[in-house]
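Heads up: the structure comes next, in structure tokens.
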């Protein structure tokens, strides 16, 4: 597996949480940099059958550039962050966005924070201006800050509101939404599952014997 090659191992936060080769996101190779095509992130199907999500590990200090490369080459418009940078005194995700008034450079990609909107006590939305060469795009980062690792939120309503606003920003499943927590599985998978079921409900695909995981919620 690409995720277990020697050059890929330092890019994994946890040695036992790695993507399958058949579904992992493959980045363009950089000349002379072994393992440059690897990132700990997987495509996940949506209700329409498209690859609606990228379930990703929270960036490490040595993978922030790869994270932004993935956002750029996959035409990502929306990123959902379901963790905090530190939780219980432990590093869970490297900061990968600038403060207001500054521009950060990640390889040949520059990122500027345009606006931060606190939607409710549980989550906020950052509007980021992303530039690569002469092209620029807006990327919206939904940051859910009240979901403890290995725990459950106090209420489900803010999560439903986040998913609703996420789809207001990007209704189509033709390009993926990046969803990440620290490991890229528990909280990440829950948000993908909520959006998947909501889409099935809107499309009239829920039957009495509906069960999420035997359906096409995988690549």
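What follows draws every value from the coordinates through simple rules; no lab data is involved. Bear in mind that the values here come from a model prediction, so they are computed numbers and not experimental data. Neighbour counts are summed over all protein chains in view; Cβ atoms, including those assigned to glycine, are modelled from backbone coordinates with ideal geometry.
Can you tell which of 18, 64, 79 is farther than 27 Å from residue 196 by Cβ and surrounded by 14 or more Cβ atoms within 10 Å (Cβ to Cβ)?
Exactly one residue qualifies, and that residue is 64.
Tell me which of these residue 101 doesn't satisfy, since it passes every other one: (1) on the phi > 0 side of the Ramachandran plot; (2) out of contact with any strand residue (DSSP E or B) (no Cβ under 9 Å at 6 or more places or on another chain).
So the condition that residue 101 fails would be (2).
Would you point out which residue out of 141, 170 is surrounded by 13 or more Cβ atoms within 10 Å (Cβ to Cβ), touching a residue at least 12 places away in the same chain (Cβ under 8 Å), out of contact with any helix residue (DSSP H, G or I) (no Cβ under 7 Å at 6 or more places or on another chain) and under 20 Å from residue 84 (Cβ atoms)?
When all the criteria are applied, what remains is 141.
If you scan the range 49-61, which residues turn out to be surrounded by fewer than 22 Cβ atoms within 10 Å (Cβ to Cβ) and closer than 17 Å to residue 179 by Cβ?
The answer is 50, 51.
Is it the case, given these coordinates, that residue 149 is surrounded by 15 or more Cβ atoms within 10 Å (Cβ to Cβ), in contact with a helix residue (DSSP H, G or I) (Cβ under 8 Å, 6 or more places away or on another chain) and over 24 Å from residue 11 (Cβ atoms)?
Answer is no for this residue.
Hey, can you tell me all the residues within the range 21-42 that are surrounded by fewer than 21 Cβ atoms within 10 Å (Cβ to Cβ) and under 30 Å from residue 203 (Cα atoms)?
The answer is 22, 23.
Go through the residues of the range 92-106 one by one and say whether even a single one is in contact with a helix residue (DSSP H, G or I) (Cβ under 6 Å, 6 or more places away or on another chain) and within 29 Å of residue 200 (Cβ to Cβ).
There is no residue in the range 92-106 that is in contact with a helix residue (DSSP H, G or I) (Cβ under 6 Å, 6 or more places away or on another chain) and within 29 Å of residue 200 (Cβ to Cβ).
Filter the range 66-94 for residues that are without any contact (Cβ under 8 Å) to a residue 24 or more places away in the chain and assigned to a loop (DSSP other than H, G, I, E, B); which is nearest to residue 144 (Cα to Cα)?
85
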